[in-house]
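Structure, as C-alpha cells:
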Amino acid sequence: MTYVDAEIASQPECWRQAAGMATASALPRDGERVAVVGCGTSWFMAMAYAGLRERAGHGETDAFQASEFPPGRRYDRIIAISRSGTTTEITDLLAAIDDRQRTTVLVGDPDSPAAALAGHAVALPFADERSVVQTRFATSVLALLRAHLGEDVASFAADAEVAVRAPLPISPALIDQVTFLGRGWTVGLAHEAALKCREAATFWSEAYPAMDYRHGPIAVAGPHRMVWAFGEIPDHLADDVAATGAAFVHSRTNGVYGVLGRWTAGRQPLDPMADLILAQRFAVALATSRGLDPDNPRHLSRSVVLT
C-alpha cells in the first residue's frame, strides 16, 4: 500500500478528531469579514469554506491564492491554510500583515515558520502527511471549519467510511479525460479533484462551475471521457452529458451512485466531501494503472519554498 492510500483511508477518523477542535477561539466569529488564503489544495479548501460560511450567513468571506491576496483590502480576520507551514507565499503574506492578532494559520506542523508568524495557530498534526500529494490534511481542515459552522461532522464522516471502501464508480482504464464540476462551495472540491488527477497521474483533468460547463467546456466530452459532479447539479446536465457519449458520475442522482445509468441500489447520496475521497482514490488508481508512483509525483515537492 502506498503512503497516500493509507492517508486517504484514515480520513474518517481524522475528520472526527478535527471536529473536536471546532471551539478554538482563533477561528472566525459570526459577522467578521474574513479572508481565507492558501496555495494549491489549500486554496481550494479555502474556496469551499468561503462558500459554506457565506451560505450559512456567518459573514462575508473571500478566498485567495496567497500570492494574489489584495493587501489594501481590510479584513477582520485572515485565515491561512498550510500543511507544512513553510510555503513561501504563506510565510511572506503572514510576515507582511501589520496586525498579527488578525491572523490565524491552520497548519500540520505546530513548530513551522507559519505558526510562528501568525497571531494564532490551530495545529492538526494528526492529519499531517508523509505524501507529497495532499489528501487528509486538507479535508480535515475543511471538516474542522464545517464543524465550526455548526455542521454535523459525524454524518459526513460516516459517508467517508463508505467512500474509503466503496468500489470506484468507473475503471480508470476506460477513461482518457475527466472534467469535475461543482456548484457553490463544491466548486472548490471540483478543482481539488482535478488537481489530484494531474498531480498523482499526470492525467488530463479539468474543473468548472457546473452552470458554466455547457458554455464551452462540454465540447471536449465524448466516448472514453467522464464528467464527475459534486453536490447539486443543474437540470438536464446529466442528459446533456449522456448525449455526448461521455460517462456521468454523480452520487446524488436519483439518490444512488450512478454511471451511465448503471446504479448501485439502496445507497444514499454521499456528502460531497466524501465524494472527494472517491475522486482521490480514482486519482491514485489512475496513477498505478499508468505505471506511476503516486507517492513520488514528478516535478513536485511536499512544500514549495522559494529562494
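The values are calculated or read from the model by the stated rules, or taken from the named source; none is laboratory data. Source: prediction; values computed, not measured. Glycine also receives a Cβ, built like all others from the backbone with ideal geometry; neighbour counts cover every protein chain displayed. Remember, those area values only see protein heavy atoms, side chains included, never the ligands or the DNA or RNA. Shrake-Rupley method; radii C 1.70, N 1.55, O 1.52, S 1.80 Å.
Build a GNM of the chain with springs between Cα atoms under 10 Å apart, and of Thr23, Thr88, Thr139 the one that fluctuates most is Thr23.
Working note: Karplus 6.51/-1.76/1.60 with θ = phi - 60° gives the range 135-141 the couplings 9, 6, 5, 4, 5, 5, 4 Hz, where Gly and Pro are set to x.
Within the chain, what whole-number % of the accessible surface is contributed by carbon and sulfur, with the 1.4 Å probe and all protein chains included in the calculation?
51
Solvent exposure of Ser289, expressed as accessible area, is near 70 Å², computed with a probe of 1.4 Å over the protein chains only. Site pair Ala56 and Asp235 shows an inter-label distance of 3.1 nm when each label is modelled 7 Å from Cα along Cα→Cβ. In plain terms, the chain is cut at each of the GluC sites (Glu not before Pro) found in a DSSP loop with at most 15 other Cβ atoms within 10 Å, and the longest leftover piece is 61-231. When the charge dipole of the range 187-253 is built from unit charges on Cβ atoms (+1 for Lys and Arg, -1 for Asp and Glu) and taken about the Cα centre, the candidate among Ile218, Trp204, His250 whose Cα reaches farthest toward its positive end is Trp204.
Accessible surface for the chain, divided over its residues, is 41 Å² per residue with a 1.4 Å probe.
Would you mind counting up the charge near Tyr213? Only other residues with Cβ under 10 Å from its Cβ, with Lys and Arg at +1 and Asp and Glu at -1. Around Tyr213, the charge tally is -2. Each of Ile233, Leu168, Val305 was scored by the projection of its Cα onto the charge dipole of the chain, and the greatest displacement toward the positive side belongs to Leu168; charges sit on the C-beta of Lys, Arg, Asp and Glu.
Charges were assigned to the Cβ only: +1 to each Lys and Arg, -1 to each Asp and Glu. The resulting dipole of the chain about its Cα centre is roughly 240 debye.
In the complete set of protein chains, residue-level accessible area for Trp204 is approximately 110 Å², probe 1.4 angstrom. Of Tyr208, Tyr75, the residue with the largest accessible area leads and the full order is Tyr208, Tyr75 (1.4 Å probe). Between the alpha-carbon centres of the range 73-152 and the range 191-228 there is a gap of 28 Å. When the charge dipole of the chain is built from unit charges on Cβ atoms (+1 for Lys and Arg, -1 for Asp and Glu) and taken about the Cα centre, the candidate among Ser140, His120, Ala193 whose Cα reaches farthest toward its positive end is Ala193.
Restricting the range 37-104 to trypsin sites (Lys or Arg not before Pro) that sit in a DSSP loop and have at most 10 other Cβ atoms within 10 Å of their own Cβ leaves Arg73, Arg74. Sorting Leu27, Leu195 on solvent-accessible area from highest to lowest, probe radius 1.4 Å, gives Leu195, Leu27. Whole-Hz Karplus values for the range 8-18 come out as 4, 5, 7, 4, x, 5, 4, 5, 5, 5, 5 Hz, taken residue by residue from phi with 6.51 cos²θ - 1.76 cosθ + 1.60 and θ = phi - 60°; glycine and proline positions read x. Going by accessible surface with a 1.4 Å probe and the largest first, Arg16, Arg281 read Arg16, Arg281.
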